[in-house]
Every structure is written in C-alpha cells, then in structure tokens.
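Below is one structure; the comments refer to it alone.
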Amino acid sequence: MRVLFLHPDLGIGGAERLVVDAGLALQRRGHQVSYVTAHHDRQHCFPETRDQLPVTVRGAWLPGSVCGRLRALCVYVRMLYAALCVVLAPGPRPDLVFCDQVSACVPLLRWAGLRVLFYCHFPDQLLTARRSTLKRLYRAPLDWLEERSTGAAHRVLVNSAFTGGVFAETFPSLRAGRQPDVLYPSLDLVAFDAPLETTVEQVLGAPPPPHLLLSLNRFERKKNLALALDALAEMERLDAAAVSRCRLVLAGGYDPQNAENIAHLAELEAHAAELGVSERVTFLRSPSDAAKRALLRAATAVVYTPDREHFGIVPLEAMYCGAPVVAAASGGPLETVVSGQTGLLCEPRAQEFAAALLRLVTEPEAARRMGEAGRRRVLQNFSFQAFGDRLEKIVTEVVAESAGKEGDLGTEKKTE
C-alpha cells in the first residue's frame, strides 16, 4: 500500500518519534511510505527523516505565527495548505493518509476521496491556556473545528487509555460512534541494542558519577523539569552523603529558534543556582541518539517529571535500558510503569520524588531488580514488532473497510 503521513512539523519530540516509527514499521513490511510536512529542519530532526524516509515540505513559506501570536491558527492554515498539495499532487494517490496532531485538514482529504487515519496524541484544545475573554473567543471556532474534523476521519487512534478517556470527555459529540483505538508508541529495539558509539564521559565531558540521575524531556515548561531540581535539593537536605555521589543530568530537545526553549533553559539554570545545586547538575541540549543511549544505560534512575503526560516514551526507553523510572502517578506512566516493580510512581512533589530517588540510590539491589523487570515488561508489551503488527492490521482494516463502503455505494448507484 501507499501510505502518506501528514504532519505539521517534523522535528524532534514524542509525536514526531511516533510517526517516524510508524513509517519505519510499515516500510519494513513492504509498504510505500512518504511524508508531507509544513516544516522539516534537517539539522533538528530524527536522522531517519534524512536518510530513510522520503520527506516533502509544503507550506514552509506560510508564517508560523503573527507577531508571536495566533500560532494555532497558523498551524491549521499550514496543514490545510499541505493537505491541498496532497490532494492536487500528480501521480498515484495514497491508499491511506495518516494524519496526526491537527485534524483540520481531515474533511478536505475525505472530500477528495482519500482514506484517513487520524492519530490523536492529545486534544489540541487542551494544550493552551485561556486566561482572557479574547483568547476564549479566538479558540472557540478552532475548538469547534477540531471536534468536527476529528470525527470525519475513518478511524481515530490514541496513544494511551488515559488519552482515550480525555478524548471522550473533550469531544462529547463523538462518544456514540467514535470510540478511538489505543496504539501505544513503542521502541525500535534494534537501535537501542546497537553497540554504544560514545561513552558517558565523552557526553558529559567529565568522569561519570557513581549515581547518574537522568531526565530526558524537551525544555518546555509543561514538562515540569523544575521538579527534578527541587527533588535534588530535597535529597541533599535528607541525605547529603548520598547526594554527594550523584549527578542530575537534564537532557532534552532544544531548538535555538524556539523562544520557549531558550527562556525555560535560562529559568532552570537560575533555579538550580537559587537552590544551590548547580554544581551537581548538567544541562545537555539536544543530545544525539547515541549520547541518549549511553546516558540511559548508565543511569541509576530516570526522573520523569511531567504530570498527566499523554503517554511518554521516555519511561519505555529507560526500562528497556535497565534503568528504573521515578515518575508522576498520572497519565501514561500509570500504563507503562509498574510501581514497585519497574520503578516508583508518586505525586509530583519534591519530597516524594526525593524519597523515591534516595531509595534507588541507597538500595542498588532493588534498583537492579526494577531495571531487569522493566526491560522484560517492554519486551512483552511495547516491542516494535508488536507495534508494527497492530498498526498494519489497523491500516489494512481502514483501507478494506473504506473500499467496501465505496463498493456498496457503487452497487446502490447502479441499482438506482
């Protein structure tokens, strides 16, 4: 089959990782995969989109914002333009369009007779604050369009049961006939099993500490990264001797063109200085995949701070690499981390995170057992093979169901 992925910005993030993995999974099963996106920076993207997956950019000339505002509207316009380019493109039409994040273009694709699978990482309307009447008025038509256009897809997928519940609450008009299917993100285990191309010492520029506490997340405020710094300060208050053997590494996606990334990293550095823990913290911008694997394999624990995270791929990466996870007891981690077996789930408060991390630092045997159990859990439940098999089954069903409906419609027309 010819499967086209339509994505707003093919950069580095959880949503991008999923669509890249989905493309690789289908490509390895013999399908023709291609991508159309409104933005693709070859210096800030997953390497597979440079050398394995064909990517076409459409609409990059359209503004991403207007004076730093109206970002959602601009993204919607860019996606509509990209979808129009797909509809008008010469040559063979795709058998299926896999659209994600922005559903506004789904009705256009359906109008053109294309089969559409929409992946809802999380309802877009819940990702923005509405602190003013003007903002609420601005968002109202966009929210209405999101619900109606999402319902136009042939099939809707979500990344976790948690997101499925949020989907039902957010889009009440879709509850009756639009139950989304859960397709968990996965890991490409082959890549994670590859020999290390670098060492932790090379990544950090210093000898590795006895206990490496690792946070992997984009430098965005919603990721709640300050919690990791607060927990480190609380750990020092509780057990200074144990913390003297620890180093917290805050590593994650950092785009020098992204204003929030720049501002938030500065905020975190200032917060670390204010807490007096700067000498025990390393900030690492956009580590390579090789550096990330080296850090994960060396970590005593992975600190995962987002609250009500939609799914979160980092806990899976950590568990597969044998690192126990300390995460907020909400959202996706409730479905991936088994507290007490593959890590520790707790309320997103410094005291609780500190206690959990100290347990892993001071009880190495318990940490080792959790790491081993985490790896087994990923192999059993979140392998790339299982992800690809389920995705192909869904894709095949959508194409077959749509073809069947078109056939029935043709028969009805002939009868008339």
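The values are calculated or read from the model by the stated rules, or taken from the named source; none is laboratory data. Since this is a predicted model, take the numbers as computed values, not measurements. Don't worry about glycine lacking a Cβ; one is built from the backbone with ideal geometry, like all the others, and counts go over all protein chains shown.
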Listed residues GLY331, GLY322; which is within 17 Å of the chain's Cα centre (by Cα) and on the phi > 0 side of the Ramachandran plot?
GLY331
Of the residues VAL361, VAL378, VAL399, which is of a type in the set (Val, Ile, Thr), modelled with pLDDT of 95 or more and outside any strand (DSSP E or B)?
VAL361
Suppose we filter LEU53, LEU62 for residues that are farther than 20 Å from ASN159 by Cα, crowded, with 17+ Cβ neighbours inside 10 Å and out of contact with any Ser or Thr (no Cβ under 6 Å at 6 or more places or on another chain); which single one remains?
LEU53
By my count, helices (runs of 4 or more DSSP H) wholly in the stretch 250-321 with at least 1 residues that are among the hydroxyl-bearing types (Ser, Thr, Tyr) and in the same structural domain as LYS222 (by TED's automatic domain parsing) are 314-320
May I ask you to list the residues in the stretch 322-344 that are surrounded by fewer than 20 Cβ atoms within 10 Å (Cβ to Cβ) and either touching a Gly at 6+ places or on another chain (Cβ under 6 Å) or not assigned by TED's automatic domain parsing to the domain that holds ALA272 (or both)?
GLY322
Just for the stretch 32-45: of the residues that are within 23 Å of the chain's Cα centre (by Cα) and surrounded by fewer than 19 Cβ atoms within 10 Å (Cβ to Cβ), which one is nearest to PHE5 (Cα to Cα)?
SER34
Let me spell it out: the conditions are (1) farther than 27 Å from ASP124 by Cβ; (2) of a type outside the set (Val, Ile, Thr); (3) assigned to a strand (DSSP E or B), and ALA327 meets all of them except one. Which number is the exception?
(1)
Search result, residues across the stretch 161-210 that are among the β-branched types (Val, Ile, Thr) and either touching a Leu at 6+ places or on another chain (Cβ under 6 Å) or under 13 Å from LEU295 (Cα atoms) (or both)
THR198, THR199, VAL200, VAL203
Test: residue in the stretch 251-266 that is within 12 Å of LEU214 (Cβ to Cβ) and modelled with pLDDT of 95 or more:
yes
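Every residue, every condition in (1) assigned to a loop (DSSP other than H, G, I, E, B); (2) small (Gly, Ala, Ser), yes or no:
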residue: HIS39; (1), (2): yes, no
residue: GLN43; (1), (2): yes, no
residue: PHE46; (1), (2): yes, no
residue: THR49; (1), (2): no, no
residue: THR56; (1), (2): no, no
residue: GLY59; (1), (2): yes, yes
residue: PRO63; (1), (2): yes, no
residue: LEU73; (1), (2): no, no
residue: ARG78; (1), (2): no, no
Any hit, the stretch 93-105, residues being among the basic types (Lys, Arg), in contact with a strand residue (DSSP E or B) (Cβ under 9 Å, 6 or more places away or on another chain) and either surrounded by fewer than 13 Cβ atoms within 10 Å (Cβ to Cβ) or in contact (Cβ under 8 Å) with a residue 40 or more places away in the chain (or both):
yes
Buried (at least 24 other Cβ atoms within 10 Å of the Cβ) and among the acidic types (Asp, Glu): is that true of GLU347 in this structure?
no
Selection over the stretch 32-46 where residues are closer than 15 Å to VAL97 by Cβ and without any contact (Cβ under 8 Å) to a residue 40 or more places away in the chain yields a count of 3
Taking the stretch 121-158 and keeping only residues that are in contact with a Pro (Cβ under 7 Å, 6 or more places away or on another chain) and either within 28 Å of PRO92 (Cβ to Cβ) or modelled with pLDDT under 90 (or both), one is left with SER149, ALA152, VAL156, LEU157
Sort out which residues of the stretch 120-152 are of a type in the set (S, T, N, Q) and either surrounded by fewer than 17 Cβ atoms within 10 Å (Cβ to Cβ) or at positive phi (or both), and write them in order of number.
THR128, SER132, THR133
Those residues that are touching a Phe, Trp or Tyr at 6+ places or on another chain (Cβ under 8 Å) and free of Cβ contacts under 8 Å to residues at least 40 places away in the same chain, I need them from the stretch 338-379; list them, please.
CYS346
Would you mind listing the helices (runs of 4 or more DSSP H) fully within the stretch 96-189 where at least 2 residues are among the hydroxyl-bearing types (Ser, Thr, Tyr)?
133-150, 161-170
Quick one: which of SER244, SER215, SER288 is surrounded by fewer than 14 Cβ atoms within 10 Å (Cβ to Cβ), among the polar types (S, T, N, Q) and under 19 Å from the mean Cα position of the chain (by Cα)?
SER288
